[in-house]
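To start, I am sharing the structure in question, which I have written as structure tokens.
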Amino acid sequence: MSPAEETAQILERFGIKSGGDLASFSPIDGAEIGRVAVANPDEICKRAAGAFGEWRTVPAPRRGELVRLLGEELRSAKESLARLITLEAGKTHAESLGEVQEMIDICDFAVGLSRQLYGLTIASERPDHRMMEQWHPLGPVLVISAFNFPVAVWAWNAALALVCGDPVIWKPSEKTPLTAEAVMAIVRRALGQFGDAPDGLIQLAQGERDIGEALVDDPRVALVSATGSTAMGRAVGPRVAARFGRTLLELGGNNATIVCPSADLELATRAILFSAAGTAGQRCTTLRRLIVHEDVADALVARLKALFAAVKIGDPRLPDTLIGPLIDEAAFDGMKRVLGDAVEQVDAVPGGCYVRPAIVEVDAQQGSVLRETFAPILYVLRYRDLDEAIALQNNVVQGLSSSIFTNDLREAERFLSAAGSDCGIANVNIGPSGAEIGGAFGGEKETGGGRESGSDAWRAYMRRQTNTINYGTDLPLAQGIRFDVAE
Ligand code: NAD
């Protein structure tokens, strides 16, 4: 069945009618698979502001109930949604199922969180006084998402925002509007079961960059959580700062793995193959730089070259495919700009851009090695001493994910120490990609500094209020200041 025919069947199952000005194309064969209508940002912000007035007073555990229902609906729709992700984003079915599972996992996490939005109580320096912190809902949250995680990134943000008391506006990637429509159909089912959620609590704002810009500038949006390229973050960050809004930026990476002489090379090889070549190199956490000790480099690189040459590339709907297409021709052009004629095209499905992952050995970290090319290119650098390897790994402008393969405790701990990796994520004996939702996700430097998903990332979606309560009959001032007027 063609991607267009299969998409039509799935959209019908979700009760979605295709139509509107924004077209979606399947990377599998490059053909149009559906259309959506472009949003009216002003109308959306108005409705979100209205919803906030109601939602912020709903008790947080009750807000958690909506997220629990969403998780249940996602469980029921997992297979269909995953198939649509494969059709629209080109991920293999296994990876698409994994993406929906992440949505379910964050819903479960957020339900528990809805009873754990803890503030501190603080000792007051004044007699008969008590201090405490409360966390209050912040306001409408705008989620801007990228094509490569077309639905999970929304869920990471939305599940937390909803339990924190914030309405959600979603501006999905213009390359994956249909999966967003399907998620909204699932949301509507959850809202129907929930019963009394305010109108405008969860909205979709389809469109291209201009729609994103209008939403970013709207003062009714309290937090802009934007996932995408560093270029996008560079545009969005200052615009939101100019109106003193909040941002949570999740931008590009240039992730590295260090392989030490003591490493389990079998383990390292498997992890590197998945991290560098999986999702056709189109993950923010994709492994792009392999920094390998010269004693083990020849053996490791030879094995990787053999695996890269053998890995099955093709229609991501087929069960034995491990690597699907690049998202579009622009992505293919990006790879060609770096590798020229050395790009090995794979003749899989006519109309799609299929490439074999490339390994490029380099002597120095310069030029394209310093940039994120969103395609499967793995640069290999050799090192002699661990400090040199850590310096190489840190000496780029991005700071998302990193890992080390070693069986030497001292090397592993040095890599994780304050003098080690400068990234938001640092792993030992696993690759840099494939995070779990329980940890805070995000990176430093030009990756944007934001953290979303697990741990205490929820705090970004709330405002902190410090309260001092006097239960005495006197009015002592802080720091012992006296301000008495003699009458
Ligand atoms: P992109 O930057 O082209 O687009 C991302 C989103 O931003 C889209 O919805 C787009 O319409 C919107 N957008 C672009 N410019 C905008 C502007 N000026 N104002 C408002 N909205 C704007 O990214 P992409 O090609 O879809 O995704 C790939 C990039 O995303 C890579 O750089 C990748 O590393 C990054 N990414 C990062 C993470 C992370 O968590 N750090 C996760 C996924 C992807």
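Just to verify a result, which residue in region 193-211, among those that are more than 23 Å from VAL163 (Cβ to Cβ) and touching a residue at least 40 places away in the same chain (Cβ under 8 Å), is nearest to the ligand (Cβ to nearest atom)?
Filtering region 193-211 for residues that are more than 23 Å from VAL163 (Cβ to Cβ) and touching a residue at least 40 places away in the same chain (Cβ under 8 Å), the one nearest to the ligand (Cβ to nearest atom) comes out as GLU208.
If you take the residues in region 238-268 that are surrounded by fewer than 21 Cβ atoms within 10 Å (Cβ to Cβ) and of a type in the set (Gly, Ala, Ser), which one is farthest from the ligand (Cβ to nearest atom)?
Looking at the filtered set, the residue picked out is SER262.
Continuing with this model, one more query. Within region 52-60, is there a residue that is in contact with a strand residue (DSSP E or B) (Cβ under 6 Å, 6 or more places away or on another chain), farther than 30 Å from GLY351 by Cα and surrounded by fewer than 19 Cβ atoms within 10 Å (Cβ to Cβ)?
Yes: one or more hits.
So which residues in region 276-304 are more than 16 Å from the ligand (Cβ to nearest atom) and either exposed (fewer than 14 other Cβ atoms within 10 Å of the Cβ) or among the hydroxyl-bearing types (Ser, Thr, Tyr) (or both), if there are any at all?
Of everything in region 276-304, those that are more than 16 Å from the ligand (Cβ to nearest atom) and either exposed (fewer than 14 other Cβ atoms within 10 Å of the Cβ) or among the hydroxyl-bearing types (Ser, Thr, Tyr) (or both) turn out to be GLU294, ASP295, ASP298, ALA299, ALA302.
Right, another one. Would you mind finding the one in ALA435, ALA426, ALA440, ALA460 that is at pLDDT below 95, of a type outside the set (Ser, Thr, Tyr) and within 16 Å of the ligand (Cβ to nearest atom)?
After applying the criteria, what remains is ALA435.
Yes or no: region 90-100 includes at least one residue that is of a type outside the set (Phe, Trp, Tyr) and farther than 30 Å from ASP347 by Cβ.
Checking region 90-100: at least one residue is of a type outside the set (Phe, Trp, Tyr) and farther than 30 Å from ASP347 by Cβ.
Restricting to region 368-399, what's the tally of residues that are part of a loop (DSSP other than H, G, I, E, B) and either small (Gly, Ala, Ser) or closer than 28 Å to ALA342 by Cα (or both)?
Looking only at that region, the number is 9.
How many residues does region 79-113 contain that are over 19 Å from the mean Cα position of the chain (by Cα) and without any contact (Cβ under 8 Å) to a residue 60 or more places away in the chain?
Adding up the residues that qualify gives 3.
Then there's this: Can you give me the ranges of the strands (runs of 3 or more DSSP E) entirely in region 128-192 with at least 1 residues that are more than 16 Å from the ligand (Cβ to nearest atom)?
Hits in region 128-192: 129-137.
Further question on the same structure: Residues to consider are ALA271, ALA214, ALA235, ALA231; find the one that is near the ligand (Cβ under 10 Å from one of its atoms), out of contact with any strand residue (DSSP E or B) (no Cβ under 6 Å at 6 or more places or on another chain) and more than 30 Å from GLY50 (Cα to Cα).
ALA231
Then there's this: May I ask you to list the residues in region 91-113 that are farther than 18 Å from TRP154 by Cα and either surrounded by 24 or more Cβ atoms within 10 Å (Cβ to Cβ) or among the hydroxyl-bearing types (Ser, Thr, Tyr) (or both)?
Within region 91-113, THR92 is the sole residue that qualifies.
Do we have LEU117 as over 27 Å from GLY233 (Cα atoms) and touching a helix residue (DSSP H, G or I) at 6+ places or on another chain (Cβ under 6 Å) here?
It is true that LEU117 is over 27 Å from GLY233 (Cα atoms) and touching a helix residue (DSSP H, G or I) at 6+ places or on another chain (Cβ under 6 Å).
Could you tell me how many of the residues in region 226-237 are more than 16 Å from ARG451 (Cβ to Cβ) and surrounded by 14 or more Cβ atoms within 10 Å (Cβ to Cβ)?
The total comes to 6.
Being at pLDDT 95 or above, over 24 Å from the mean Cα position of the chain (by Cα), loosely packed, with under 15 Cβ neighbours inside 10 Å and basic (Lys, Arg), is that true of even one residue in region 334-355?
The answer is yes; a qualifying residue exists.
I would also like to ask the following. Given (1) surrounded by fewer than 22 Cβ atoms within 10 Å (Cβ to Cβ); (2) closer than 17 Å to ALA297 by Cα, where does ALA389 come up short, assuming only one miss?
The single condition ALA389 does not satisfy is (1).
Against the definition (touching a residue at least 12 places away in the same chain (Cβ under 8 Å), in contact with a helix residue (DSSP H, G or I) (Cβ under 6 Å, 6 or more places away or on another chain) and surrounded by fewer than 24 Cβ atoms within 10 Å (Cβ to Cβ)), how does ALA412 come out, yes or no?
Here the answer is no, as ALA412 does not meet what is asked.
When both residues are 6+ apart or on different chains and their Cβ atoms are under 6 Å apart, which pairs have a first residue that lies in region 138-153 and is at negative phi and in contact (Cβ under 8 Å) with a residue 12 or more places away in the chain, and a second that is within 12 Å of the ligand (Cβ to nearest atom) and aromatic (Phe, Trp, Tyr)?
Within 6 Å, the pairs are VAL143/TRP154; VAL143/TRP170; SER145/TRP154.
Still on this structure: Do you know which of the residues in region 439-482 that are outside any loop (DSSP other than H, G, I, E, B) and among the polar types (S, T, N, Q) is surrounded by the fewest Cβ atoms within 10 Å (Cβ to Cβ)?
If we take residues in region 439-482 being outside any loop (DSSP other than H, G, I, E, B) and among the polar types (S, T, N, Q), then GLN479 is surrounded by the fewest Cβ atoms within 10 Å (Cβ to Cβ).
The values are calculated or read from the model by the stated rules, or taken from the named source; none is laboratory data. Source: prediction; values computed, not measured. Using ideal geometry, Cβ is built from the backbone for each residue, glycine included, and neighbour counts are taken over all protein chains shown.
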